[in-house]
Amino acid sequence: GHDVTSAAVVVLDSSDAVARRVASFLLEKACQSKGVFRIALSGGSTPRKLYALMAQPDYADRFPWGRAQFFYGDDRFVPADSPDSNRGMAQSLLFAHVPVPRDNIHPMPDQGDADEAARTYEVELKRAYGADRLEAGRPLFDVVLLGLGENGHTASLFPRQPVLEEKTHWVASCVPDDAPHTRLTLTYPAIASSRHVLFLVTGAAKAAVLERVRVGDPVEPASHIRSEGEVVWIVDREAAGQATGK
Ligand code: 6PG
């Protein structure tokens, strides 16, 4: 399905199983793709297991790193060596261990003026895309990975923020009133320009917000995520609200 309500839901036994499923999905799509494969990485803690798994030799030896271009769905506007940096997490758990060309990694700027940094990243995306305007049928990303915050945010599209109304720019800065750090984030139109959007959601703490977003509660920013291709929920039993049978 193209939106969160018509999305397929894959419920797996554990967060390890979620990481394995996403890793195999990425490998399959990257190997199938002709030419460049563009992916936007998610941040926070959920993707840690995925990145560690992708760094394992038996996986890394099969992944087409030379054809893959790695972007970020969002990042906190902090230095890369900050424990809160999504870029720093991906670098230490994944990129430091695999033969990905440095030029294939596109971190979001992490200093200076946040609005200017958003403009700079947007220019980088436009250069990679090869045009200044997003065209239907020509997605910017092959895959966008997204997490889900308990307040319904995804990437750094936070409730009550002006960025939720952004229809033209591809990247924006955002100062959430209920989360630390200024953020840079892809906007809804940039995320929608994709072949696949994968939400990775694990843990019982996410069960309530997952249910609200799954039915498309418009109050939740994540409910407005769309893709030109498919949106898929890859969740564990705890996030799905299913009793964890021991
Ligand atoms: C970020 C993430 C954000 C994240 C959710 C869930 O920069 O924080 O991109 O959108 O996916 O906050 O975070 P957890 O995976 O830590 O629960």
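Quick notes
- Between 92, 85, the distinction of being open to solvent by less than 10 Å² (accessible area, probe 1.4 Å) and within 16 Å of the ligand (Cβ to nearest atom) belongs to 85 only.
- Breaking point among (1) under 16 Å from residue 147 (Cβ atoms); (2) touching a residue at least 24 places away in the same chain (Cβ under 8 Å); (3) within 15 Å of the ligand (Cβ to nearest atom); (4) open to solvent by 10 Å² or more (accessible area, probe 1.4 Å), for residue 78: (1)
- Scanning region 188-208 for residues that are under 14 Å from residue 222 (Cβ atoms) and under 13 Å from the mean Cα position of the chain (by Cα) turns up 188, 191, 192, 197, 198, 199, 200, 201.
- Residue-level analysis places residue 96 outside the set of residues that are in a strand (DSSP E or B) and out of contact with any His (no Cβ under 9 Å at 6 or more places or on another chain).
- Criterion violated by residue 108 - all others in (1) part of a loop (DSSP other than H, G, I, E, B); (2) in contact with a Leu (Cβ under 8 Å, 6 or more places away or on another chain); (3) surrounded by fewer than 18 Cβ atoms within 10 Å (Cβ to Cβ) satisfied: (3)
- Qualifying residue in region 150-157 (condition: within 16 Å of the ligand (Cβ to nearest atom) and over 30 Å from residue 238 (Cβ atoms)): no
- Residue in region 144-161 that is more than 25 Å from residue 229 (Cβ to Cβ), of a type in the set (S, T, N, Q), touching a residue at least 12 places away in the same chain (Cβ under 8 Å) and touching a strand residue (DSSP E or B) at 6+ places or on another chain (Cβ under 7 Å) present: yes
- The residues listed here are 33, 15; of these, the one that is under 25 Å from residue 157 (Cα atoms), open to solvent by less than 60 Å² (accessible area, probe 1.4 Å), of a type outside the set (A, V, I, L, M, F, W, C) and touching a strand residue (DSSP E or B) at 6+ places or on another chain (Cβ under 7 Å) is 15.
Every residue, every condition in (1) in contact (Cβ under 8 Å) with a residue 12 or more places away in the chain; (2) over 16 Å from the mean Cα position of the chain (by Cα), yes or no:
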position: 18; (1), (2): yes, no
position: 28; (1), (2): no, yes
position: 31; (1), (2): yes, yes
position: 92; (1), (2): no, yes
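- Here residue 217 fulfils each of the conditions (1) open to solvent by less than 60 Å² (accessible area, probe 1.4 Å); (2) of a type in the set (D, E, K, R); (3) part of a strand (DSSP E or B) apart from (3).
The values are calculated or read from the model by the stated rules, or taken from the named source; none is laboratory data. Keep in mind that this is a model prediction, so the values were computed, not measured. When we count neighbours, we look across all protein chains shown, and the Cβ atoms used for this are built from the backbone with ideal geometry, even at glycine. These accessible areas exclude ligands, DNA and RNA; they are computed on the full protein's heavy atoms, side chains included. Shrake-Rupley method; radii C 1.70, N 1.55, O 1.52, S 1.80 Å.
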